[in-house]
Amino acid sequence: MSFVPKTAPFSGKINAVTLGTGDKAIVIGGQNVLPFYTFDAAIENAPKVGVEISDVADTWDVPGLVDFYAGCTTMADRAKKAEELPGCDFIALNFVSADPNGANRSVEECVADAKAVADAIAKPIVVLGCKNVEKDADLFTKMSEALAGKNVLFMSAKNENYKTVGASVVLANGQKVGAETADDINLAKQLNIMLKGLNVNPEAVVMDIGTAAVGYGYEYAASTLDRIRLAALQQSDADLQMPIMALVCNDVWGVKESTASEEDEPAWGCREERAISMEVATAAADLTGGADAVVLRHPASVAAIQKFIAELI
Amino acid sequence: MALKGLDIFKLSPKKNCKECGSPTCMAFCMKVAQGAVELSKCPYFSEEALATLNASTAPLMKTISVGEHKLGGETVLFRHEKTLVNKNLFAVSVCTCMEAATVDAKLAEAKKVDYERIGERMYVEMIHVANNQADPAVYAELVKKAAATGRALVLECWDVECAKAALAVCGKDVILDGATPANWEAMSEVATAAGVALGVWAENISDLYDTVKNLEAKGNTNLVLDVTGATAKETLANAVNVRRTALKQEDRTFGYPSIVNLAKVAKGDDRLQTALAAMFVEKYASIVVMSNMSYAQALPLYGLRQNIFTDPQKPMKVEAKIYPLNGADENSPCALTVDFALTYFLVSGELERSGQPVNLIITDASGMSVLTAWAAGKLSSSTIKKTFDELDIANKIKNRTLIIPGKVAVMKGEIQEKLPEWNVVVGPLEAVQLPKYMKDKEYEAAVAAAEAERAAKAGAVKEEVKELSFDELLATRVPKIEIVDMGVSYKGHNPESKTFVTIGERIHCIAPAIKKAMAERDPAPILERAAAQIKAGATYLDVNIGPAEKDGPELMMWAVKLLQENFNNVPLALDTANMKAIEAGIKVYNRTNGKPIVNSADAGSRIGYIDLAAANDAICIALCSADGIAKDNAEREMHCDNMLERGLSLGMTSDDLWFDPLFLVVKGMQDKQMEVLEAIKMFSDKGLKSTGGLSNNSNGAPKHVRPIMDATLVAMCMMQGLTSAIVNPNDLRLMETIKSCDIFKNHVLYSDSYLDM
């Protein structure tokens, strides 16, 4: 053989973070190579796929989703159904309606829903907040207490509320916390340092670096992913070695490609297929850039992305 | 990529004959590496050494042309390192193994995908025609059909006779993807004879490497590498290894564009194909071959490609036009923002979330964000008026509510004046507040108020507006200057001095107190800031009056007189997007302590500022960028040379052009800082003066960190030859650093109390 490719594993390594408990627990991160670069070194843990269960799922009008969750009335019903979906590694509970500028559902109601889900399923749980920093701080504090012992990941602490969220979720209740910043490697590093300053173990932190749907300023997400991964692996920057979770479901279902009706865009064809395609392409791009886990909404997206991962690992 | 002196030295004759003028071969090679001397000055380099040296200065990855398309030519593995150059193309595959009807359907479907997205045509650029052991005539027939689409072709065909037959029936915008370790020699002859690029494939990457070597040895370097493996996993390994070998190991054997054929590895699963295509857009395919391309696949993939291949240093712009949202019609209110793509997506997304019909009007602002565009004069009542005229908005929309971004509330009056038919109201500061603002119709009260105001104005008698000369303005519109004792006097400045020139940046209309003082012609806040800066040792004071579209000339004359008469003719930099105002300011300017500075020209739309400076015998700051940040120092140097030439041809001396490399913010552009420093060295090596908004480097950093960053950077810059900077003189650490550097540079004679001088 005249040509032998140079392999390039790094000395830096992504933290391996365990979510959930028992034999259904999963580990994200742990690798010392760029995503899917199996030719450099074996990938310790394949990327994981979560299924979104939203508290406004009854407003989902895409036929495939309506059919899949037919007969489900509660978040727990839906979570049970999703848990059985082949390729579902974890369940992500999305508390959209807690937003004070929206339905403003009470923390108690949300906690009760989460508790019911936790009692009904065995797979790991990730909780997605409503993005309002005060409400999320309150929600995460009470929910992390109610779900104590379940090793749940709460997405996410932000610059404005990391003290409350970090202290309650991780220090008081031993759960895992997300650190969310918006497409800015310097802010991402800073937030991780601040969490460390609170005594939050870096191995309890997962990053949300601020992704987007492809076509929607995705170049910022792509370069932030590239830069964070290179800093973590190449420069061994311990403050950026947290695994990354991309909330694809939050990025793709609101853009025009996924929402425009077939009457409004006759050339574009089936709306559901377009939305799945947006979700699949965005998830694949996120995983290629450095996401260690993605959260998806549509069962068909889950199947496609699991197949994609299997093809590459 | 640049050669190091030692690499050249290894190949040098090492005879130290001094004929080149250098004392040793080593010294000569070092100079060659810096570009200070031509290699040809030495007659003793061997042919072989010269060939090696020439080859090592060639690009690491070739650019291959196929018709109008360009492939490859990449210089980096990740877009943030510089930029990706040539976007990947998409091809749809047809094969001799398919029924004619299937082929027709695929070609028809591929042609259907054809739309525009943010100024770019999105379509299937190529048709891939696979030959599955068919007769030459059968293959040629299929190729003919594919060629009839008018798209460029990839001919995947390992049979020499079939390839010849195919090439006879199609044009020249073709890649003959046919060379293998078995047939490369014959296939290369076919491709060369037809004048088309040759695709090379092998079962493993090592054979691929050897085959390319063989082809290159025969003189064929018009190549594309088909890196498709048996599986997706193997294909990714090939694509990455090929690109990495070329760019990182600098082995040009793999320095060619690549083809990835997903029709082979996606196994007919459309969704898997979409996922893999997304990956290969990011990971190094120059051509992604798909088994089909529907809108569902195209929309995300072309959107991704457009994002990934955006130049990180050029803002992405959306078209200036009316975007009706949530079923808006001519009776829906209008909201306005700039054409920066990210702003557009953010604002349109939030407006869509509100569910309220609204016409989003995008106005041309050179792809800058709202505040940046406003400060640069790219978003002004004039530019908005221009958009309204060009788009004929008054006739297209009947509703007269116009919501402007909260961040430019200050423009409300000017816009109202330029668009008297409209009710201009100030929207929220942040896009996230828009859904509530729109849902609760928070703009209605302001609209009513604007309506009432317009009605009142309509009743009033219209004032006759006549343009006044500077002298008339001075006599009638410039308030008398009061002399106030501020307890400091300007110590004077010798323009011949070599000491570092600080230009105090604190009189800037972006500061609310100054904005108000300027509007009301209230001297106190301005004098206060001037006194503090002068006391701190500023050489020049910058006077930024903002876009000042309305009353620029009289405002600038007032400011110039106010400052100079109060502070012993302190020299000033005149800073505004209104050129007339600069001219007016210079008219009343006193040159005792140095010429006025025009702040600033650039190599793009503000090139005319050089003419303005030349006509008024002023110094001109010349920003080395056109629109957006220069992509590298070659571009900075080009702008520098062009502006220098323009200034000199207009009779300026080179000392009166102060070149600005454009200081970049560390948070975000950390990897570009050394480039800026090298640009300063480049100016200095040309014997030119330089300046710039140095404190931009620490923008967004915590308050206690900024002085440290600014002081460190100014020291590094002064080492590189920076002669001036626009700074905050009240920053003691920075000013002390500058004074110390002037000591080390031997510009000021040392004494124990040099810091107090």
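Worth pointing out:
- Taking amide H atoms as placed 1.01 Å from N in the peptide plane, the amide H of residue B:223 lies under 5 Å from those of B:198, each 5 or more residues away in sequence or on another chain.
- Most positive-pole-ward Cα, B:588, B:473, B:435, against dipole of the protein assembly as shown from beta carbon charges: B:588
- Relative contact order for chain A: 20 percent, from Cα pairs under 8 Å spaced at least 6 residues apart, divided by residue count.
- Viscosity 0.890 mPa s, 25 °C: Kirkwood-radius Stokes-Einstein D of segment B:5-55 over Cα pairs, µm²/s: 231 µm²/s
- For segment B:393-409 and segment B:1-52, distance of Cα centres in Å: 65 Å
- Set of aspartates and glutamates near residue B:111 by C-alpha distance (under 13 Å), chain-local residues within fewer than 8 positions excluded: B:125
- In Hz, Karplus ³J(HN,Hα) per residue of segment A:178-184 (6.51, -1.76, 1.60; θ = phi - 60°; x = Gly, Pro): x, 10, 9, 9, 10, 6, 8
- Within chain B, DSSP assigns beta bridges of which about 15% are antiparallel (rounded to the nearest 5).
- Efficiency of FRET from Cβ geometry, residue B:65 and residue B:102, R₀ 30 Å, rounded to 0.05: 0.45
- Remark on segment B:495-605: Rg and Dmax equal 13.1, 39 Å (Cα only).
- When peptides A:37-47, B:722-732, B:739-749, A:241-251 are ranked by their average number of other Cβ atoms within 10 Å per residue, the highest-first order is A:241-251, B:722-732, A:37-47, B:739-749.
- 16 Å Cα-Cα reach of residue B:386 towards aspartates and glutamates, excluding residues that sit fewer than 8 places from it in its own chain: B:319, B:339, B:364, B:414, B:417, B:421, B:549
- Put simply, segment B:322-457 fits an ellipsoid with semi-axes of 19, 18, 15 Å; these come from the alpha carbon gyration tensor as the roots of five times its eigenvalues, largest first.
- Out-of-range pairs (alpha-carbon distance over 27 Å; input B:62/B:82; B:498/B:631; A:307/B:248; B:62/B:314; B:407/B:703; A:176/B:82): B:498/B:631; A:307/B:248; A:176/B:82
- Under-5 Å amide H pairs with residue A:156, H placed in peptide plane, nonlocal only: A:129
- Using a Förster distance of 25 Å, the FRET efficiency for residue A:56-residue B:429 (Cβ separation, nearest 0.05): 0.35
- Test item: A:299-306 mean partner chain Cβ contacts at 10 Å: 2
- Centre separation in Å (Cα based) which lies between segment A:108-153 and segment B:110-147: 52 Å
- Amide H contacts of residue B:156: B:129, B:130, B:131, B:177, each under 5 Å away and 5 or more positions distant or on a separate chain (H built 1.01 Å from N in the peptide plane; Pro and chain starts excluded).
- Pair-distance distribution of chain A: all C-alpha pairs, bin width 10 Å, starting at 0; shares per bin in whole percent are 6, 28, 37, 22, 6, 1, 0.
- Simple label model, 7 Å out from Cα along Cβ direction - residue B:743 to residue A:237, nm: 3.6 nm
- Estimated dipole of the protein assembly as shown in Debye, rounded to 20 [Cβ of Lys and Arg +1, of Asp and Glu -1, Cα centre]: 1960 debye
- Distance between the pseudo-spin-label points of residue B:654 and residue B:756 (7 Å out from Cα toward the beta carbon): 4.1 nm.
- Applying the Karplus relation 6.51 cos²θ - 1.76 cosθ + 1.60 with θ = phi - 60° to segment A:143-154 yields 3J(HN,Hα) values of 6, 5, 6, 5, 9, 3, x, 8, 6, 8, 9, 9 Hz, where x marks Gly and Pro.
- If you wrap segment B:91-308 in the convex hull of its Cα atoms and look at it from every side, the mean projected area works out to 11.3 nm².
- For the protein assembly as shown, the mean residue ellipticity at 222 nm estimated from helices alone is -12000 deg cm²/dmol, where every DSSP H run of n ≥ 4 contributes -39500 (n - 2.57) and the total is divided by all residues, rounded to the nearest 500.
- The Rg/Rh ratio for segment B:604-750, using Cα coordinates for both the radius of gyration and the Kirkwood hydrodynamic radius, is 0.98.
- For residue B:580 and residue B:482, the difference between the fully extended length at 0.36 nm per residue and the C-alpha to C-alpha distance is 32.8 nm.
- Tilt relative to chain B, helix B:706-720 - C-alpha long axis, 0 to 90 degrees, to 10: 70 degrees
- Shape category assigned to chain B from the gyration tensor of Cα positions, a/c cut at 1.5: oblate
- Neighbour-limited loop hits for GluC sites (Glu not before Pro), segment B:99-133 (at most 13 other Cβ within 10 Å; DSSP other than H, G, I, E, B): B:99
- Overall, chain A carries a charge dipole of about 1020 debye about its Cα centre when +1 sits on the Cβ of Lys and Arg and -1 on the Cβ of Asp and Glu, all other atoms neutral.
- For the protein assembly as shown, the average shadow cast by the Cα convex hull is 48.9 nm², which is a quarter of the hull's surface.
- Separation between Cα centres of segment B:681-757 and segment B:504-577, rounded to whole Å: 23 Å
- Under 20 Å of direct C-alpha separation, and excluding same-chain neighbours fewer than eight residues apart, residue A:189 reaches these aspartates and glutamates: A:160, A:180, A:203, A:208, A:219, A:226, A:237, A:239, A:286, A:292, B:81, B:671.
- For segment B:136-190, Kirkwood radius (reciprocal of mean inverse C-alpha pair distance, Å): 11.1 Å
- Here the simple spin-label model places points 7 Å from the Cα toward Cβ, and for residue B:18 and residue B:736 these points are separated by 5.0 nm.
Read the figures in this text as sums done on the coordinates, not as results from a lab. Not measured: the values here are computed from a predicted model. Cβ coordinates were reconstructed from backbone atoms using ideal geometry, including for glycine residues, and neighbour counts include every protein chain displayed.
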